[in-house]
Amino acid sequence: MTMRATRWIRLGLLGFLALGISACDYFRPAEPEPPSTSTSFLPDYSSPDSTLATIAKALADKGRTIGATAYAGALAESLSGSLPGYHQLFWPQDVADWNRIPPGDWNFTLEQTFYTRFIRVLPNAYYMEWAPDPQHPDNIGANAATMSRHYLVTAHAEDGTLTSYIAIGFADLTLLRFPDGNWRIVRWEDRRDPDANPTDTDQVTLGMRRLNSI
């Protein structure tokens, strides 16, 4: 066999191996990467899930650009009185563990303040994941939606390495489609994740983070 033929056989084998590796990677679930927070983003409230995605982007933004405004835009403003407003309900055990009397109505204004304090819990980059809750299917109509989602907020180093949990739990959400066509949250009821590590003080609900921000 000539040297040229041997060379082509070797190249063919390498190509076959590369194809095999590529195919294996294709079917392997991708590891989520923390989104870049160096540039601004466009908020999107055109559907219930796009509203939740905007919340995730607003947390990743950490107030560097339009994060605070985008976060507020995902919530129904509670002060006008002409339209339903945002209200947060806490998991009873969170209230018991907090061992204080929570605000009678956690509304739009308190939630805006929470955003500015929550993004400063850690200096690292934030990444938020939403996932469906199979035990509680969605009920989405033309102008109203009830949906349950598992959420996970984590902190990451500059190279994307996970450094810490920040919040984990479930949210039972009610969203309405407002006259401007945007979907906004009017009710957020927090639930603990039974799989969260009870000995890890960072694996707490967003509800507990809200209470601790007061």
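Which of the three applies to the stretch 82-188, rounded, prolate or oblate, going by the alpha-carbon gyration tensor with a ≥ b ≥ c and a/c under 1.5 meaning rounded?
prolate
How would the stretch 151-191 be classified by its alpha-carbon gyration tensor: rounded, prolate or oblate, with rounded meaning a/c under 1.5 and the a/b versus b/c comparison settling the rest?
Working: a/c = 6.47, a/b = 2.05, b/c = 3.16.
Cα axes put the stretch 151-191 in the oblate bin.
Coordinate-derived values only; no laboratory data. All figures in this text were calculated on a predicted structure; none of them were measured in a lab.
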